[in-house]
Amino acid sequence: MPLRTFTITSLSTSPTSPIAQGTRVTLTATVKPAFAPGAVQFQDGTTRLGPPVVVANGTAAGTTSRLLPGEHQLTATFNPSDPSGFTTSSARVVRFVVTGLS
């Protein structure tokens, strides 16, 4: 059985927390190695934030402006399109705070 290449996924947000409700947030996942084929699923806890985003050159980005006031636990999970050649990986949780409307 061939060896699978391990992947590492990290997550960043722009702007950073805290933000006012309704503000557009860009979530960017970085997948290493950059040549790993697949898609990233962004989530807030167990809630999916849109459909999976295809990784291109080691990055995938999605946006949302639907986060409600409170603390959120954002994450990104990389799912390889070739699971026999690459592993699935998840970013560490990013704690994100949304305040009321500005």
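With the simple model of a label 7 Å out from the Cα in the direction of the Cβ, Val93 to Ser12 spans 2.3 nm. Ligands, DNA and RNA are left out, and with a 1.4 angstrom probe the accessible area of the range 37-96 is 55 Å² per residue. Across the accessible surface of the range 1-62, with the other protein chains kept in place and a 1.4 Å probe, carbon and sulfur atoms take up 60 percent. Taking the Cα centroid of the range 18-53 and of the range 60-92, what is the distance between the two, rounded to the nearest whole Å? Result: 4 Å between the Cα centres.
Modelled spin labels at Arg48 and Thr26, positioned 7 Å past Cα toward Cβ, are 2.4 nm from each other.
The values are calculated or read from the model by the stated rules, or taken from the named source; none is laboratory data. On a predicted model such as this, the values are computed, not experimentally measured, just so you know. All Cβ positions, even for glycine, are placed from backbone atoms using ideal geometry, and neighbour counts span all protein chains on display. The accessibility values were calculated without ligands, DNA or RNA, using every heavy atom of the protein model including side chains. Shrake-Rupley method; radii C 1.70, N 1.55, O 1.52, S 1.80 Å.
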